[in-house]
Amino acid sequence: MFTRAIVREPGRNFADGLTTVDFGVPEFELVLAQWRAYCAALEACGLTLTYLAADLDHPDSTFVEDTAVLTEHGAILTLPGAASRLGEVAAIAPAVRRFYPQAAEIVAPGTLDGGDICEAGTHFFLGLSHRTNEEGARQLAEHLAREGFTSSCPDVRSMTSILHLKSGISYVGPGPRGEKTLVVMEEMAGWPEFAGFDLLVVSEAESYAANCVRVNDRVLVAAGYPEMTAELRRRGYDPLELEMGEFRKMDGGLSCLSLRF
Ligand code: CIR
């Protein structure tokens with residue numbers, strides 16, 4: 001069960017952030033409306049939110065997930081792989097340390113974005129990407145091992161369709177009969193790393209919906225992906241659909257917008 005989350009309001013210069021996709025320029029009023037609906041959804045799931053003010057020095061800073069990895073036992077502040085995002089860690093550290101005074105840190109030459117880290121019960125997938133390098137993953141694996149977690153490192157560096165591991169996979173936790181459901185985009189469905197999980201394969205046409213988030217009794221899922229939403233329902237999950245179009249324009253997904261714990 002999650003009880004809290006940290007979120008950061010998007011700044012007026014949100015559109016100046018990094019992106020690899022060409023879906024148009026986000027419209028700020030719509031960004032804010034979608035962000036507010038996202039925060040309200042977390043609250044409806046029972047979470048108490050820590051709201052951080054917009055940080056105009058870092059246009060991508062609403063994607064707080066990339067700055068820390070929170071587990072039930074501890075926290076690790078990251079070292080983002082994009083230079084323009086490095087300062088986001090110092091900016092969020094006090095909010096993380098308020099709840100995790102002993103928070104550890106990823107240090108250079110390691111780099112790591114939280115978007116590459118997928119918790120799947122007692123196991124963590126640490127994605128190697130153009131943001132997270134082997135050294136960053138090695139350091140995190142060591143921290144996690146000390147907390148009793150195992151880990152493995154799926155490599156997404158050759159994929160052009162996703163930025164982070166969690167753009168392509170999400171663990172939605174135990175289903176009604178204890179299923180270990182791992183949502184996975186079609187392109188990654190056959191990967192040996194994911195054997196042993198109950199795969200929910202997202203069709204190529206709906207691949208953006210592979211980034212979804214289990215929050216207590218609900219699964220947050222992007223609106224506009226009916227097959228994926230219906231499949232979650234069929235498996236006994238309770239999806240909560242949210243408009244994500246403006247965040248998608250900046251390579252962002254549902255998980256990126258909060259640190260849940
Ligand atoms: C970036 O390129 O870093 C941001 N525009 C998007 C980050 C999305 N974060 C995530 O998937 N965890």
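The values are calculated or read from the model by the stated rules, or taken from the named source; none is laboratory data. What you are looking at is a predicted structure, and each value in this text was computed from that prediction instead of being measured. Neighbour counts are summed over all protein chains in view; Cβ atoms, including those assigned to glycine, are modelled from backbone coordinates with ideal geometry.
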Quick check on my filter: what residues within region 199-222 are part of a loop (DSSP other than H, G, I, E, B) and closer than 28 Å to LYS249 by Cα? SER203, ASN211, CYS212, ASN216
Output for Cβ contacts, cut-off 8 Å, separation at least six or different chains, first residue more than 16 Å from GLU119 (Cα to Cα) in region 197-219, second among the charged types (D, E, K, R) and within 16 Å of the ligand (Cβ to nearest atom), reads TYR208/ARG248
Evaluate the following for LEU165: is it within 16 Å of the ligand (Cβ to nearest atom) and of a type outside the set (Val, Ile, Thr)? yes
The condition of being more than 25 Å from PHE63 (Cα to Cα) and crowded, with 20+ Cβ neighbours inside 10 Å holds, among LEU163, LEU200, only for LEU200
Among the candidates VAL213, VAL156, VAL184, single out the residue that is away from the ligand (no atom under 15 Å from the Cβ) and of a type in the set (Val, Ile, Thr). VAL184
More than 16 Å from the ligand (Cβ to nearest atom) and either part of a helix (DSSP H, G or I) or closer than 14 Å to LEU257 by Cα (or both): is that true of ALA54 in this structure? no
Which residue, of GLY252, GLY196, GLY178, GLY236, is at pLDDT below 95 and outside any helix (DSSP H, G or I)? GLY196
Taking region 135-173 only, how many residues are out of contact with any strand residue (DSSP E or B) (no Cβ under 7 Å at 6 or more places or on another chain) and either over 20 Å from ASN211 (Cα atoms) or not hydrophobic (A, V, I, L, M, F, W, C) (or both)? 13
Please work out which one of (1) touching a residue at least 40 places away in the same chain (Cβ under 8 Å); (2) part of a loop (DSSP other than H, G, I, E, B) is the condition SER170 fails and give its number. (2)
Within region 12-35, of all residues that are in a helix (DSSP H, G or I) and within 14 Å of the ligand (Cβ to nearest atom), the one surrounded by the most Cβ atoms within 10 Å (Cβ to Cβ) is PHE14
Among residues of region 54-76 being surrounded by fewer than 21 Cβ atoms within 10 Å (Cβ to Cβ) and closer than 15 Å to GLY114 by Cα, the residue nearest to the chain's Cα centre (by Cα) is THR71
With the requirement that a residue be assigned to a helix (DSSP H, G or I) and surrounded by fewer than 19 Cβ atoms within 10 Å (Cβ to Cβ), what does region 96-124 give you? ARG97, ARG98, PHE99
